[in-house]
Structure formats: C-alpha cells, structure tokens
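The values are calculated or read from the model by the stated rules, or taken from the named source; none is laboratory data. Predicted, not measured: the structure shown is a model, and the values here were computed from it. No Cβ is skipped: glycine too gets one built from the backbone with ideal geometry, and neighbour counts run over all protein chains shown.
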Amino acid sequence: MVNVDDAVIARLESYGERFEILVDAELAADYKRGNDIEIENVLAVEEVFKDAHKADKASEENMMKAFETTDALEVADIIIKKGNIQITANQRKKMQEEKTKQVISKIAREAINPQTKLPHPPNRIEKAMEEAKVHIDPMKTVEEQIEPTVKAILTKIPIRIEKVQVAVKIPGTYAGKSYSIVSQYGKLIKEEWENDGSWIGIVEIPGGLQDKFYTDLSGLTHGEVETKLLK
C-alpha cells in the first residue's frame, strides 16, 4: 500500500459529481497504460472521496449512479483509467529528475559511440541532453523516451543503441564462477571447452556494458581473462 504522505489525487467528474482517490503517481500512470499491476498496490487507501483533501467520502448513492457499483476498487479502476492524475509542481519536478536519471542510465547501458564502438559515460550523455534541450516526461515510461532522446542528442554526440559481440577465453581455474557472470550480461552465441579446461565463448551484450563486463571478468580471473571485441 502506498504511503499517504507520498500519494497524489486521481480525479474523475461524472454526473456532476467529483470522485477522488489517493494513488502513487507513477504506479497509477503505469496502471493507466495497462501494465500488469494490482490496483491495491496503486492506492494509498481503499476509499473513494468527494474531496480527498478533506477526507470527505463520496456517497454510495452517487457512486452507484456514476459507476453502477459501490466497490472502491472497481471505482478506483475507472477513475484511474478515465480520469486525471493530479501532481504538484514539486512532485512533477522530483519525478522528472528521477526519470531523467533512469533514461541516462539506460542509454549509458545500451548505447555506444559508433565511431569507437565504446560506451559513452553517463555525464557525457547528460550534458548532451542538456545541450539538446531534451524534455523528459515524468509520466511516460523510460522505454518510451529512449529512442527520441537518442535521436535528439545525436546532433551533439555520435551515439547509437547497439549490441556488441565479445569473444571471451577464461582459464579453467576460473571458468566455473566466471561462466555465470558471462551469461548474466547477455546472450551466449557460441561456446566450447578446451582440453586444458579453459572456456571459450562469444557473448552478445548491450554496447554500454563493455567496460563493466571487462572489469568484472578481470576481477574474477585476477586479470587472466582474454577478451576481443568482434563487432
């Protein structure tokens, strides 16, 4: 259940009456988009109000007239899907800042500089977004905003969402524990075991994860891993 202090109002007017519920702003937006979320997890309280600020509950008579039910969860479902989610300027600013960080993080994870095949650091992506005056909508998902953001900052830095293939050779001593790390990073394209117990594989990973991938494998193998960027 959502903390009441963090909740915002979702509102719908019907038959001349106002109906309000208290919700988590982002979860309500996701629910409105059709994401698989239990409505109980969206609500701060399972009550329908005429005026949420005054805790003035909506009458069952008005709920029945407007929604043909007095069930709070059923009414909340309709309010979220058909109504408006109210957020303050400060709430919007906070949500926008958090969503911007998420967009930057995902682009840094998945994009590369096509000229060098290397990832861009997050601060470079952030600076390019500022220069390109990219607007991040706090009510949209991160996924919805990746493509337009990359397109916008392409005027400032060379960048492309791309997966890369890396050939990896791990000595037998470390093959067991390192193999699990390799498989976590991406899709295993090809693998084979050598007579000496070493493991050789080709893995496809998001372009922006190259540095972390190499660092993690080097740490596990004490620098004895061999890697080669294929494409």
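Results, tabulated for the structure shown:
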item: Hey, G172 at positive phi and either touching a Gly at 6+ places or on another chain (Cβ under 7 Å) or among the aromatic types (F, W, Y) (or both) or not; result: no
item: Whichever residue in the stretch 103-124 is under 17 Å from the mean Cα position of the chain (by Cα), surrounded by 15 or more Cβ atoms within 10 Å (Cβ to Cβ) and free of Cβ contacts under 8 Å to residues at least 60 places away in the same chain and, among such residues, is nearest to G186 (Cα to Cα); result: K106
item: Some residue of the stretch 141-159 being assigned by TED's automatic domain parsing to the domain that holds K99, exposed (fewer than 15 other Cβ atoms within 10 Å of the Cβ) and of a type in the set (A, V, I, L, M); result: yes
item: Flag for K133 being closer than 30 Å to I85 by Cβ, in a loop (DSSP other than H, G, I, E, B) and over 20 Å from the mean Cα position of the chain (by Cα); result: yes
item: Count of the stretch 10-55 residues which are in a loop (DSSP other than H, G, I, E, B) and either touching a Gly at 6+ places or on another chain (Cβ under 6 Å) or within 16 Å of T88 (Cα to Cα) (or both); result: 1
item: Number of the exception - D6 against (1) out of contact with any Phe, Trp or Tyr (no Cβ under 8 Å at 6 or more places or on another chain); (2) farther than 23 Å from T141 by Cβ; (3) not hydrophobic (A, V, I, L, M, F, W, C); result: (2)
item: Out of V168, V182, sole residue that is in contact with a strand residue (DSSP E or B) (Cβ under 9 Å, 6 or more places away or on another chain), in a helix (DSSP H, G or I), surrounded by 17 or more Cβ atoms within 10 Å (Cβ to Cβ) and not assigned by TED's automatic domain parsing to the domain that holds A111; result: V182
